[in-house]
Amino acid sequence: MEKYQEIERSIIKKYRKQIWSKFIKAIKEYQLIKENDKIAVCISGGKDSMLMAKLFQELKRHNKMELKTFIE
């Protein structure tokens with residue numbers, strides 16, 4: 001497994017409680033994603049913007065079915 005793949009998987013597996021679950025909770029609680037929204041993420045090169053981009057990428061990649069529950 002490539003290093004970047006290990007890092008991507010750690011967002012879901014290793015850091016599920018600290019990062020991923022809080023990310024999902026914020027999307028639900030503040031209704032950050034509505035139906036037919038297009039999401040743009042600006043990457044400045046810092047850790048925070050890169051992590052945000054990866055979180056949205058993981059959301060798109062692995063939670064297509066769950067995404068509907070976020071916007072309802």
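Some points to look at:
- Carbon/sulfur fraction of accessible area - the chain, other protein chains in place, 1.4 Å, %: 55 percent
- Computed Rg/Rh of the chain, alpha carbon atoms with Kirkwood Rh: 0.96
- Applying 0.36 nm per residue to the separation of Ser49 and Gln5 and subtracting their alpha-carbon distance, the gain on full extension is 14.0 nm.
- Axis of helix 3-12 versus longest Cα principal axis of the chain: the two differ by about 40°, to the nearest ten degrees.
- Accessible area per residue in Å² at 1.4 Å probe, computed on the chain: 84 Å²
- When the Cα positions of Leu55, Gln31, Ser44 are compared along the charge dipole of the chain, Leu55 comes out farthest toward the positive end, with charges on each C-beta of Lys, Arg, Asp and Glu.
- Value of relative contact order over the chain, rounded to a whole percent, pairs C-alpha under 8 Å and six or more apart: 32 percent
The values are calculated or read from the model by the stated rules, or taken from the named source; none is laboratory data. A quick note: this is a predicted structure, and the numbers were derived from the prediction, not measured. Cβ sites come from the backbone with ideal geometry, for glycine too, and all protein chains shown count toward neighbours. With ligands, DNA and RNA removed, areas are computed over all heavy atoms of the protein, side chains included. Shrake-Rupley method; radii C 1.70, N 1.55, O 1.52, S 1.80 Å.
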